[in-house]
Amino acid sequence: MKKILILAVALISSLAATAQQALWGSAPVVSPEINPDKTVTFRLKAPDAVKVQVTGDFLPTQKIKTPYGDFDGPGVADLVKNDGVWEFTTPSPLAPELYSYTFIVDGVKMTDPSNVFQLRDVASVTNVFLIDGDYADYFKIKDVPHGTVSKVWYHSPSLGMERRLSVYTPAGYEKGDNRYPVFYLLHGMGGDENAWLELGRAAQILDNMIAEGKVEPMIVVMTNGNADLQAAPGESSLGFAPPTIQLPKTMEGSFETHFPEVVEFIDSNYRTIPSKQNRAIAGLSMGGFHSLHISKEYPDMFDYVGLFSAAIMPDRKVKSPIYDNMEGKLKTQFDKKPALYWIAIGDKDFLYEANKEYRKKLDENGYKYTYRESPDGHIWKNWRIYLTEFIPQLFKK
């Protein structure tokens, strides 16, 4: 009996040590280190590695070949080895921004084991760090009143499934009885209802800009724009299915057709002001595509429209009533004089020419819009900035 008791104590002690081991772990080096002059030093302890590089959006871009064409992607820099620790310091200070990066060790991409802060974009996982100042201060969590983010399920009769939304309600919503305008904020291809919150820092931007009085308090609804999915990868009945952009029912009309169900659900379950003048829709890339076609399909639904690096037209093989009679639908939409039609894109974006052609169509018909062109390409840096510039223009009396 005594022997059994000793064995049991030993087993429990072993399990406890295993369960608690994460408490005692610590990073072998400091990385990234943001220096006083705002240069940044990256380190990796890898004494047996032959070559270590860092790649990220803080470096000059390089051309990357993909099945969809050549795009500007993050640059690459070599780390130098010293006593088993590889190190690289940026040659100049970094401008304020939320940056992402990964290491490449002997040809294999890996995250920084010294940096616990990571984000997933489709199937890519990267580390992140923030250089504060200027507009990047909106990405920080400050000592201001905070809104609430809820993960909400709704039933879609047209898609035949339960689906999930992320909903931001402004500070004070739970304790008050005020009604609020609604902004529908849509993600890009391969994204999901978490994308604008995690990659776009939407909740922090809204909290900070509302607190400064630059933005009207509003409800913000972030949908899952992949009509074949219930929710973000790993958060639905599909289980841990690998994230991919190769999804059915993508940019072929299903999402646009079902969108009034989302609006009806929000108006039925939140204290909204259910009118065109108090609704906005905007999105990036595929979300911009959806915003374009939803707003023209339902011209009495949204008074504010934002196209951030938007795709314009579907693949030529796609056939859907949603994309028919585009000229007539745009005429109806613009005859109703939307309060704001806002188009923004980077000058190196692979969708630049498509947006140029679309603006030419609007110009030829005398349709009023606001255009914003920025540096860089099809990247989150631009979309976060666009969000900080778009939302102050919404719902002004």
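I'm trying to understand the selection: among the residues of the range 317-334, which are acidic (Asp, Glu) and surrounded by 10 or more Cβ atoms within 10 Å (Cβ to Cβ)? Let's see the steps before the verdict.
Residues of the range 317-334 acidic (Asp, Glu): 324, 327.
Of everything in the range 317-334, just one residue is acidic (Asp, Glu) and surrounded by 10 or more Cβ atoms within 10 Å (Cβ to Cβ), namely Asp324.
Which strands (runs of 3 or more DSSP E) sit wholly inside the range 104-143 and have at least 1 residues that are out of contact with any Phe, Trp or Tyr (no Cβ under 6 Å at 6 or more places or on another chain) and open to solvent by less than 70 Å² (accessible area, probe 1.4 Å)? Break it down into steps so the answer makes sense when it comes.
Numbers: elements: 108-110, 118-121, 124-131.
Of the strands (runs of 3 or more DSSP E) lying wholly inside the range 104-143, those with at least 1 residues that are out of contact with any Phe, Trp or Tyr (no Cβ under 6 Å at 6 or more places or on another chain) and open to solvent by less than 70 Å² (accessible area, probe 1.4 Å) span 118-121, 124-131.
Pairs linking a residue in the range 239-252 that is aromatic (Phe, Trp, Tyr) to a residue that is surrounded by 11 or more Cβ atoms within 10 Å (Cβ to Cβ) and in a loop (DSSP other than H, G, I, E, B), with Cβ atoms under 9 Å and 6 or more positions apart or on different chains, are Phe240/Pro233; Phe240/Gly234. The number of residues in the range 180-225 being part of a loop (DSSP other than H, G, I, E, B) and either within 10 Å of the chain's Cα centre (by Cα) or not aliphatic (A, V, I, L, M) (or both) comes to 19. Residues that are farther than 18 Å from Phe334 by Cα and either open to solvent by 70 Å² or more (accessible area, probe 1.4 Å) or touching a Lys or Arg at 6+ places or on another chain (Cβ under 9 Å) (or both) within the range 348-373 comprise Lys348, Phe350, Glu353, Lys356, Glu373, listed in sequence order. Taking the stated definitions as given, is Asp177 more than 21 Å from Phe289 (Cβ to Cβ), buried (at least 22 other Cβ atoms within 10 Å of the Cβ) and more than 14 Å from the chain's Cα centre (by Cα)? When the stated conditions are applied, Asp177 does not pass them.
Just one residue in the set Glu235, Glu264, Glu256 is open to solvent by 30 Å² or more (accessible area, probe 1.4 Å) and not in a loop (DSSP other than H, G, I, E, B); that residue is Glu264. Put simply, of Ser166, Ser150 the only residue that is part of a strand (DSSP E or B) and open to solvent by 10 Å² or more (accessible area, probe 1.4 Å) is Ser150.
The values are calculated or read from the model by the stated rules, or taken from the named source; none is laboratory data. None of these values were measured; they are calculated from a predicted model. Quick reminder, even Gly has a Cβ in these numbers, built from the backbone with ideal geometry, and neighbours come from all protein chains shown. Note: areas computed on protein heavy atoms with side chains; ligands, DNA, RNA excluded. Shrake-Rupley method; radii C 1.70, N 1.55, O 1.52, S 1.80 Å.
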